[in-house]
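One structure is given below, encoded as structure tokens.
The values are calculated or read from the model by the stated rules, or taken from the named source; none is laboratory data. Since the structure is predicted, the reported quantities are computational estimates derived from the model, not experimental observations. Heads up, the Cβs are rebuilt from the backbone with ideal geometry, glycines too, and the neighbour counts pull from every protein chain shown. The protein model used for the area step is the full one, side chains on, heavy atoms only, and it has no ligands, DNA or RNA in it. Shrake-Rupley method; radii C 1.70, N 1.55, O 1.52, S 1.80 Å.
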Amino acid sequence: MEEHYKGHTILITTGHPDKNRWKPTCKIKFTDGSREVIKDLDWDLSYDTPEEAERVGLLVSKKWIDSGKPK
């Protein structure tokens with residue numbers, strides 16, 4: 001999944017480290033054409049479906065951008 005938000009591009013992929021759960025991985029970069037990733041968001045929580053993992057990843061990524069992009 002890719003979404004543009006407030007001058008950033010959010011890229012979310014999902015994988016399943018175990019057979020029944022899905023985990024999101026999020027990369028955030030500026031939309032100015034730069035390929036440089038400014039933040040990788042990765043966490044240990046997992047979800048029942050890939051759609052749920054993507055939705056949560058998108059929400060967390062947007063909150064990170066809205067919070068002023070802390071390191």
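The figures follow:
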| quantity | calculated |
| --- | --- |
| Qualifying residue in region 33-46 (condition: charged (D, E, K, R) and buried (at least 16 other Cβ atoms within 10 Å of the Cβ)) | yes |
| Pairs where the first residue, in region 47-59, is farther than 19 Å from Tyr5 by Cβ and free of Cβ contacts under 8 Å to residues at least 40 places away in the same chain and the second is in a helix (DSSP H, G or I) and open to solvent by less than 30 Å² (accessible area, probe 1.4 Å), C-beta under 8 Å, 6+ apart | Tyr47/Ala53 |
| Residues that are open to solvent by less than 60 Å² (accessible area, probe 1.4 Å) and within 8 Å of the chain's Cα centre (by Cα), drawn from region 10-31 | Ile10, Leu11, Ile12, Pro24, Thr25, Cys26, Ile28 |
| Neighbours by Cβ (under 7 Å, 6+ apart or cross-chain): first from region 13-42, touching a residue at least 40 places away in the same chain (Cβ under 8 Å); second of a type in the set (Asp, Glu) and open to solvent by less than 60 Å² (accessible area, probe 1.4 Å) | Thr14/Glu54 |
| Per-region count, region 1-12, residues touching a residue at least 40 places away in the same chain (Cβ under 8 Å) and assigned to a strand (DSSP E or B) | 5 |
| Filtered residues of region 27-71 (kept if part of a helix (DSSP H, G or I) and either hydrophobic (A, V, I, L, M, F, W, C) or modelled with pLDDT under 90 (or both)) | Ala53, Val56, Leu58, Leu59, Val60, Trp64, Ile65 |
